[in-house]
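This report concerns only the one structure given below.
The values are calculated or read from the model by the stated rules, or taken from the named source; none is laboratory data. The structure displayed is predicted, hence computed values, not measured ones. Cβ: placed from backbone, ideal geometry, glycine included. Neighbour counts: every protein chain shown. The accessibility values were calculated without ligands, DNA or RNA, using every heavy atom of the protein model including side chains. Shrake-Rupley method; radii C 1.70, N 1.55, O 1.52, S 1.80 Å.
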Amino acid sequence: MYGGAAALAFAISGVAEAYTLITCNGNNIRWNGNSATMRASNVGFPSGSSWRSALGSSISLVNQNPSAFDYGIVYGDTSVGFNNGQNEIWWTSGFGAPAIANWWMNCNTGRFTEVDIRFDNTVAYTTSTSKSSLWPYGGSYRPFHTTAIHELGHGVGLSHTATTYSIMGQDWDHIHANGSTARAYFGEDASSGAVALYGLNPGTVEDLGVAQWRHTGSSGEYSTHARTRVLTSAGGGVSYSTINGEPRYNVTKGQTYRLEFSFENNGESYQSTKVGYYVSTNDYISTVDTPLKTISMGLGRNTVYTYQTTITIPSTLNSGQNYWLGTIIDKDSTLSEVTETNNRTYLAIRVN
Ligand SMILES: [Ca+2]
Ligand SMILES: [Ca+2]
Ligand SMILES: [Ca+2]
Ligand SMILES: [Ca+2]
Ligand SMILES: [Zn+2]
């Protein structure tokens, strides 16, 4: 048995491929079957608490992945510890990272024998999905869900990702928002890694999504992310103000810009889909917003498709007002997905 750990600290190491797998003796490490049961400490995840609810939600979000793998979750564990034959989740402190996954494995068979996950109880985590509370939207709290999904990703068999937008990179800004709600998710990169390890789910698991975040580089093993952008039609920068932690671009009526979003296929199969672009009077994008343009997009898993399209700011908009440019993937709702909540997002503009 050999132990491993991956802390959410910045480490110095080489650049990885998009999704990297935990390996030992040349074997990818995974569970022997297609499931693992985690046991949550009763102290840190008591009955009726938002922490238990958020942990359950995080497990469910991982289980939306298109591989055959699913987690089970048991609550109320009264005794947790390393290498005790149980996969456990608890809160503690003083291990030098916001959260950490430790694992034990048989390097010859390439199988996990145990995975434990710890969260640092001195970190300002929140279970809220209200974006104004969260670091990526100017709030004061680290989203619990993104960090939990990252650590659970290690327990699937995934290592860190440096080369694409991924929950297995910097987790807290791998997130989806529409309106006031920000929702964590497993994402294309981690999904592809899970499929590489476990194969496809025998049922039909399809999911398209679009995010207002993109890959910008890496810090050690971790991909770094930033918001997608409004650019000039030539691809140059456009001035913006930062409002509540979010960019609001200064645009001119009648002018053409490039609008950038990251499209993901988190599902089993390649999809040909329609993507709509809209202008909205608020940050909640829906099909009742004013359509600007529709494009066709073909999207397979194993690429995060950060894509720019040109749009012209309608001259009917009011100068001096704020608007939101939005996008909807599968705009005609022709694809049944494991979640439709990640299909719409926005970028803020102020019109001159
Ligand atoms: Ca136990
Ligand atoms: Ca344990
Ligand atoms: Ca759909
Ligand atoms: Ca979706
Ligand atoms: Zn990690």
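Applying the condition of being modelled with pLDDT under 95 and not basic (Lys, Arg) to the range 298-331 and asking which residue is least open to solvent (accessible area, probe 1.4 Å) yields Gly300.
Give me a count of the residues in the range 293-303 that are assigned to a strand (DSSP E or B) and closer than 19 Å to Leu335 by Cα. Adding up the residues that qualify gives 6.
Name every residue in the range 168-185 that is within 16 Å of ligand 4 (Cβ to nearest atom) and open to solvent by 10 Å² or more (accessible area, probe 1.4 Å), in order of residue number. Asn178, Thr181, Arg183, Tyr185 - these are the residues of the range 168-185 that are within 16 Å of ligand 4 (Cβ to nearest atom) and open to solvent by 10 Å² or more (accessible area, probe 1.4 Å). Using the structure shown, decide if Glu264 is within 16 Å of Gln64 (Cα to Cα), at pLDDT 95 or above and in a strand (DSSP E or B). Criteria met by Glu264. Of the residues making up the range 114-126, none is assigned to a helix (DSSP H, G or I) and out of contact with any Leu (no Cβ under 6 Å at 6 or more places or on another chain). For Ser47, the requirement of being under 25 Å from the mean Cα position of the chain (by Cα), in contact (Cβ under 8 Å) with a residue 12 or more places away in the chain and open to solvent by 50 Å² or more (accessible area, probe 1.4 Å) is not met.
May I ask you to verify whether Tyr249 is within 27 Å of Gly169 (Cβ to Cβ), more than 16 Å from ligand 3 (Cβ to nearest atom) and open to solvent by less than 20 Å² (accessible area, probe 1.4 Å)? Criteria met by Tyr249. Among the residues making up the range 282-293, those that are open to solvent by 70 Å² or more (accessible area, probe 1.4 Å) and of a type in the set (Ser, Thr, Tyr) are Tyr284, Thr287, Thr290. The residues on offer are Leu259, Leu231, and the sole one that is in the same structural domain as Thr303 (by TED's automatic domain parsing), farther than 30 Å from Gly193 by Cβ, modelled with pLDDT of 95 or more and outside any loop (DSSP other than H, G, I, E, B) is Leu231. Within this structure, Gly96 passes the test of being within 16 Å of ligand 5 (Cβ to nearest atom) and on the phi > 0 side of the Ramachandran plot. Each residue in the range 114-167 was checked for being closer than 23 Å to Gly81 by Cα and crowded, with 18+ Cβ neighbours inside 10 Å, and 23 pass.
Within the range 258-274, the set of residues being over 21 Å from His215 (Cα atoms) and open to solvent by less than 20 Å² (accessible area, probe 1.4 Å) comprises just one member, Thr273.
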